[in-house]
Structure formats: C-alpha cells, structure tokens
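One structure is given here, and the rest of the page talks about it.
The values are calculated or read from the model by the stated rules, or taken from the named source; none is laboratory data. Because the structure is predicted, anything quoted here is derived from the model rather than measured. A quick note on method: Cβ atoms are made from the backbone with ideal geometry, for glycine too, and the neighbour counts reach across all protein chains shown. Side chains are part of the model used for accessible areas, which takes the heavy atoms of the whole protein and leaves out ligands, DNA and RNA. Shrake-Rupley method; radii C 1.70, N 1.55, O 1.52, S 1.80 Å.
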Amino acid sequence: MTSTRTDREHRELLRLTDATAALDQARAILRDGTPKPGNERLLALAYCMLTFGEMLKQASHGTVTQAYSGPIALRDKLAHVPHRKLNADVLATSVERATTEILPLMQARIQDLSNTVS
C-alpha cells in the first residue's frame, strides 16, 4: 500500500528545503571568514539564520522539537535585536552547530518526506 503526502507533510518538506537553502547561504557567507561588525555580510548572515530558524519553526507545526529549539530561539532573538548588537561569533558558531547537529536530521526528514508518494 502506498501512502500519499498530506498537505501538512508537503508544507513541512517545503519549509525544511527552505531552511536548508538558508543554512547553505549562511555557510557560503562564512567561507570568506567571520564578518566584522558593521559589515553588510554580518547583516546577510543574521538574515540567513533568522530565515533558517523561521523555516524550522514553521516546519515543526507549533510543536518545537529539541533539535530545532536552538535555531528557533536564535530566530526569536534576531527578530528583535538591533543590527548594531549582532554578534558575529555567536552567529558563526550557530551555523557550525546547525551544520553538524541539525542538518543531518533535516536531510533525513526531507528524504523521508520525499519518499512519500505525492
């Protein structure tokens, strides 16, 4: 028996795909080193991580899993912090942790959702 992807699963797949793209963009920004305060790359990095957390928040359907709690909390802070108070080191560390700890979980879930017949 084959199962079909529900609307909720489809939305989760889209959000996780978007989260992956945001994290990839953050990683690309960091390839040139950690941005300095006042550098536009720092704002771009903050936006990528805000987007990453927002997509995970939406993908979790209101039930925040332990794995996603850190990026979602960071998203909540980034949404309200003045740009002059952004901490490049915190953002860089968050990207590294997300890459090693969360990205594999996301990729597994994307694969699981992708295997469901649409």
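Just the number, please: carbon plus sulfur as a percent of the accessible area of region 1-117, 1.4 Å probe, no ligands or DNA/RNA counted. Walk me through the intermediate numbers first.
Values: 3680 of 7070 Å².
Taking all protein chains in place, region 1-117 shows 52 percent carbon and sulfur surface.
For Glu40, tell me the accessible area in Å² from a 1.4 Å probe, rounded to the nearest 10.
Answer for Glu40: close to 150 Å² accessible.
From the protein chains alone at 1.4 Å, what is the descending order of accessible area for His61, His10, His83, largest first?
If we order His61, His10, His83 from most to least accessible, we get His83, His10, His61.
Taking the Cα centre of region 16-118 as the origin and placing charges on Cβ (Lys, Arg +1; Asp, Glu -1), which of His80, Leu103, Gly33 is farthest toward the positive end of the dipole?
The residue sitting farthest along the positive end of the dipole is His80.
What percent does the relative contact order of region 19-101 come to when contacts are Cα pairs within less than 8 Å and at least six residues apart? It would help to have the intermediate numbers written out before the result.
Details: 78 pairs, mean separation 32.1, N = 83.
Relative CO of region 19-101 lands at 39 percent.
Whole number in Å², please: accessible area per residue of region 36-118, 1.4 Å probe, ligands, DNA and RNA not counted.
Heavy-atom accessible area per residue stands at 59 Å².
Between region 64-101 and region 19-50, what is the separation of their alpha carbon centroids in Å?
When both Cα centres are located, 11 Å separates them.
Add +1 for every Lys or Arg and -1 for every Asp or Glu among the other residues with Cβ under 14 Å from the Cβ of His83, and state the total.
In short, +4.
Any idea what % of Cα-Cα pairs in the chain are farther than 26 Å?
Values: 1537 of 6903 pairs.
So the portion of pairs separated by more than 26 Å is 22 percent.
Which whole DSSP H helices in the chain pass both tests: a Cα extent of 24 Å or more along the axis and a mean Kyte-Doolittle value no lower than 0.0?
Details: long enough: 7-30 (35 Å, -0.46); 40-59 (28 Å, 0.61).
Qualifying helices, which must be both long enough and hydrophobic enough, are 40-59.
Of Arg97, Arg27, Arg5, which has the most accessible area and how do the rest follow, probe 1.4 Å?
The residues order as Arg97, Arg27, Arg5, largest area first.
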